[in-house]
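Novice: I'd like to ask some things about the structure below.
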Amino acid sequence: MSSFGERIIDWQRDFGRHDLPWQRPERGRDPYAIWLSEIMLQQTRVAAVSPYYRRFIERFPDVASLAAAPLDDALALWAGLGYYARARNLHRAAQAIVEQHGGIFPREFDIVAQLPGIGRSTAAAICAFSYGQRHPILDGNVKRVLARYRGIAGYPRDKNIQVALWQAAENLLPERDIERYTQGLMDLGATVCTRTRPACCVCPLHKDCIARRQGRSAELPGAKPKKQLPQRQTAMIILSRGDQLLLERRPPIGIWGGLWSFPEMLLIDDADAARERCEQRFAAQLEALPALPDIAYGFTHFQLRITPLRFRVSSWIARAAEPDQQWLSAPAARLAAIPAPVARLLDLLS
């Protein structure tokens, strides 16, 4: 076994993380629990994931229970964790496992990698932790470790840099103890080889790490080319009828897909014109209520500014119930599958 692999394995045994919620002995090598943790950990830190993981696996202890549940239930438990496509893909994958594999999580790497929302690196982690299979991983933390250790310059998501990183991951893969090695790489990137202020003095790779020897730890891996994020604006319409508020389900594709939100429309500067537009849309007579402050919310590719428009329903024309609309009290709305800005607005209302 390579010196690199030996050092990672030995370091993980002595200094790695062994008490994460998904490492509990009672679950053993449960591929469902491992899969859930790996999906939640995509683009999200362990500290943020842990409480969501506990609540989710308590409500859905196995793949069958998740597959049988309405998507709304899964989204409600995911609300606040972000990147909601992960939850939708998790639900789709659970249904595929039940329908195509009899409810048994597949063992074959290629099949696992083709499940919705998984891909090569996540499949490798699942197969390593569940079945001890030998496949390289390349999540964000591991990219940073390998880029510094091998001195691979450039932005890790560029195609040529990705190829070089995958080649390094393949070449350094040990022949044994793959589970501990995989966990060790993740732990090292999360706790020692951090993005800023890496603790090189306690790193098991410091003797032959190119970035440390050349004083380039701060510049490796290369940063994403900077560009100005576009600014977008929208108005969220907060309609109150008694103690209830109107929520609409968002389209399944796009930001906050499938979540419940306040209705939206293009922002109109004229207050009377905005009220008239809302009256036409909802076939109601509305009374304007005191404004709430705007909310700024950042996405990966743009910045969104939300202007809340508050109205009380003074006269409502009864019509057939819309399947993607519901009136809820503020406490009930807070428990629904809602995006973070809607939760913030509900907090302001209360």
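Novice: Would you pick out the residues in the range 229-254 that are out of contact with any Gly (no Cβ under 8 Å at 6 or more places or on another chain) and without any contact (Cβ under 8 Å) to a residue 60 or more places away in the chain?
Specialist: Passing the criteria: 242, 253, 254.
Novice: Here's something else I'd like to know. Restricting to the range 217-266, count the residues that are touching a Lys or Arg at 6+ places or on another chain (Cβ under 9 Å), in a loop (DSSP other than H, G, I, E, B), surrounded by 16 or more Cβ atoms within 10 Å (Cβ to Cβ) and not small (Gly, Ala, Ser).
Specialist: The qualifying residues number 5.
Novice: Under the condition of being free of Cβ contacts under 8 Å to residues at least 24 places away in the same chain and surrounded by fewer than 14 Cβ atoms within 10 Å (Cβ to Cβ), which residue from the range 46-58 is nearest to residue 332 (Cα to Cα)?
Specialist: Our first condition is that a residue be free of Cβ contacts under 8 Å to residues at least 24 places away in the same chain; within the range 46-58, this holds for 47, 51, 55-56, 58.
Now drop any that are not surrounded by fewer than 14 Cβ atoms within 10 Å (Cβ to Cβ), which leaves 47, 51, 55, 58.
Numbers: 47: 27, 51: 21, 55: 18, 58: 21 Å.
The residue in question is 55.
Novice: Based on what the data block shows, is residue 164 crowded, with 20+ Cβ neighbours inside 10 Å and either part of a helix (DSSP H, G or I) or at pLDDT 95 or above (or both)?
Specialist: Numbers: crowded, with 20+ Cβ neighbours inside 10 Å: no; either part of a helix (DSSP H, G or I) or at pLDDT 95 or above (or both): yes.
So residue 164 does not fit the description; no.
Novice: Right, something else. Would you confirm whether or not the range 2-20 contains a residue that is within 19 Å of the chain's Cα centre (by Cα), over 17 Å from residue 182 (Cβ atoms) and outside any helix (DSSP H, G or I)?
Specialist: Restricting attention to the range 2-20, the residues satisfying the condition of being within 19 Å of the chain's Cα centre (by Cα) are 20.
Filter once more, so that each one left must be over 17 Å from residue 182 (Cβ atoms): none.
No, because not a single residue in the range 2-20 is within 19 Å of the chain's Cα centre (by Cα), over 17 Å from residue 182 (Cβ atoms) and outside any helix (DSSP H, G or I).
Novice: How many residues are of a type in the set (S, T, N, Q) and either not in a helix (DSSP H, G or I) or not assigned by TED's automatic domain parsing to the domain that holds residue 83 (or both) when one looks only at the range 21-49?
Specialist: The initial filter retains those residues of the range 21-49 that are of a type in the set (S, T, N, Q), namely 23, 37, 42-44.
Within this subset, residues satisfying the condition of being either not in a helix (DSSP H, G or I) or not assigned by TED's automatic domain parsing to the domain that holds residue 83 (or both) are 42-44.
Here the count works out to 3.
Table: residues versus (1) surrounded by fewer than 20 Cβ atoms within 10 Å (Cβ to Cβ); (2) charged (D, E, K, R); (3) part of a loop (DSSP other than H, G, I, E, B); (4) assigned by TED's automatic domain parsing to the domain that holds residue 182.
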residue	(1), (2), (3), (4)
64	yes, no, no, yes
75	no, no, no, yes
92	yes, yes, no, yes
100	yes, no, no, yes
105	no, no, yes, yes
112	no, no, no, yes
117	yes, no, yes, yes
122	no, no, no, yes
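The values are calculated or read from the model by the stated rules, or taken from the named source; none is laboratory data. None of these values were measured; they are calculated from a predicted model. Heads up, the Cβs are rebuilt from the backbone with ideal geometry, glycines too, and the neighbour counts pull from every protein chain shown.
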